[in-house]
Amino acid sequence: MKTDLKTVRLSFRDVLLVPFDDEACTIGSRTLPSLQSEVCPGKPLAVPIISAPMDSITGSSMAVAMDQCGGLGILSRRIGDPAEHAQHAREVSMLKVLGVKYPACAMGVRDIPQLKADLTDLCRRGLSIVCFDIANGNHVLMKAAIDIALGVRVDYPRLSIIAGNVCTGNAADILAGWGADAIKCGIGPGAACTTRKVTGFGVPQFTAIRDCASALKGRTTKLIADGGIRTTGDIAKCFWAGADTVMAGYVFSGHKECAMPTVYRGMSSRTVHGRSDVAPEGIDITVPARGSVIDTMARFAASLKSSLSLGNALNLAEFRRNVAAIRVSTMSDLESGTVAGE
């Protein structure tokens, strides 16, 4: 990507979607639209929302609940824990027994020699999706990890590969070329992430999704918008911008199914990685109790169906075709009466 200081890149708050006005709307009820979309090729979700693989968010309880709601929960890494694989093995086996549709977990890429054995063992136990998640997704170690996963997939063809994170079309194209089935888009938009402030790097999330979606056009590779979600309106904007699914952390914090129900923390915070030789790029946030994620997901689904009905759309493809977006002033957010988390 070349330096460009003239083009304005946009965040969710810079944009509003415009209700369908080409002709008379024909959607009879806000309950009619379908939200179905694929997280990876051949793996549809009825409600295409994913709980992030963060150690304060997604453990086995969250993964089971998200599956019951039609979504997906990706088991978190346990950074620095030598028992990480043993824990993943127990959890994946349990998710399989409980009938979770797509058991998924995040894995690191630092120990490449051990990765093949660990991934093979998890696939044998029922793993359906592996998520490789590093700070700058188009890293040489990511290519090595994807190559190993592609090799494992010869014996376990149900395995799908998620890779990230990136925030430009060029980087998304690289990961797709390496063989990723889905790509996570988002560097620095998360509520507990301080990467942009600490390093100065990132791309506003709405523009990042648009750029990555454009780069993936014509490919089978799916796009996951990861981070920056404060409202269900933000999720709708992700879908309009080209995301196939949306991953979130903060909006799921505080629920009783969370791995840590009272705290939300960035995965690059010092309390997670425990290292003093690198700058922390995340913080810890104390969060209130928010009940069950099953109720929250039902509200999310109902809200998104309302979004589609305003676009006279019965599915996400029609939503993207029918709806226009406009850039708005900073005062628009105040006028909208936004309440965090709603």
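The values are calculated or read from the model by the stated rules, or taken from the named source; none is laboratory data. It should be emphasised that the depicted structure is a prediction, and the values quoted were computed from it without experimental measurement. With ideal geometry, Cβ positions are generated from the backbone for all residues, glycine too; neighbour counts draw on all protein chains shown.
Within the range 119-145, the residues that satisfy the criterion of being under 20 Å from residue 79 (Cα atoms), within 19 Å of the chain's Cα centre (by Cα) and crowded, with 21+ Cβ neighbours inside 10 Å are 127, 129, 130, 131, 132, 133, 137, 142. For the range 235-268, a residue qualifies if it is more than 24 Å from residue 182 (Cβ to Cβ) and in a loop (DSSP other than H, G, I, E, B), and the qualifying residues are 254, 255, 256, 260, 261, 262.
Among the criteria (1) at pLDDT 95 or above; (2) buried (at least 17 other Cβ atoms within 10 Å of the Cβ); (3) in contact with a Phe, Trp or Tyr (Cβ under 9 Å, 6 or more places away or on another chain), the one residue 300 does not fulfil is (3). Restricting attention to the range 322-335 and to residues that are out of contact with any Leu (no Cβ under 8 Å at 6 or more places or on another chain) and touching a residue at least 24 places away in the same chain (Cβ under 8 Å), the residue that is nearest to residue 239 (Cα to Cα) turns out to be 322. List pairs: first residue in the range 25-43 and without any contact (Cβ under 8 Å) to a residue 60 or more places away in the chain, second residue surrounded by fewer than 17 Cβ atoms within 10 Å (Cβ to Cβ) and in a loop (DSSP other than H, G, I, E, B) anywhere in the structure, Cβ distance under 7 angstrom, at least six positions apart or on different chains. Pairs found: none. For the residues 76, 56, the requirement of being crowded, with 24+ Cβ neighbours inside 10 Å and within 13 Å of the chain's Cα centre (by Cα) singles out 76.
Close contacts from the range 305-321, counting a first residue that is over 17 Å from residue 214 (Cβ atoms) and a second that is polar (S, T, N, Q) and in a loop (DSSP other than H, G, I, E, B), with Cβ to Cβ under 6 Å and a gap of 6+ residues or different chains, come to 315/34.
A quick yes/no check of all residues on (1) out of contact with any Gly (no Cβ under 9 Å at 6 or more places or on another chain); (2) surrounded by fewer than 23 Cβ atoms within 10 Å (Cβ to Cβ):
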site: 238; (1), (2): no, no
site: 245; (1), (2): no, no
site: 248; (1), (2): no, no
site: 257; (1), (2): no, no
site: 261; (1), (2): no, yes
site: 268; (1), (2): no, yes
site: 277; (1), (2): yes, yes
site: 280; (1), (2): no, yes
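Within the range 206-226, the set of residues being touching a residue at least 40 places away in the same chain (Cβ under 8 Å) and in contact with a strand residue (DSSP E or B) (Cβ under 7 Å, 6 or more places away or on another chain) comprises 206, 208, 212, 216, 221, 222, 223, 224, 225, 226. Checking every residue in the range 200-223 against the condition of being more than 26 Å from residue 43 (Cβ to Cβ), of a type in the set (Phe, Trp, Tyr) and modelled with pLDDT of 95 or more gives at least one match. Screening residue 287 against (1) under 18 Å from the mean Cα position of the chain (by Cα); (2) of a type in the set (Val, Ile, Thr); (3) farther than 24 Å from residue 110 by Cβ leaves a single unmet condition, (1). Residue 49 meets the conditions (1) within 19 Å of residue 119 (Cβ to Cβ); (2) surrounded by 20 or more Cβ atoms within 10 Å (Cβ to Cβ) in every case but one. The failed one is (1).
Against the definition (touching a residue at least 24 places away in the same chain (Cβ under 8 Å), β-branched (Val, Ile, Thr), out of contact with any helix residue (DSSP H, G or I) (no Cβ under 9 Å at 6 or more places or on another chain) and closer than 22 Å to residue 51 by Cβ), how does residue 194 come out, yes or no? Yes; evaluated as a whole, the condition is true for this residue. Reported count of residues in the range 269-297, each being part of a loop (DSSP other than H, G, I, E, B) and modelled with pLDDT under 95, is 10. For the criterion of being modelled with pLDDT of 95 or more, under 22 Å from the mean Cα position of the chain (by Cα), crowded, with 20+ Cβ neighbours inside 10 Å and of a type in the set (Gly, Ala, Ser), residue 106 passes.
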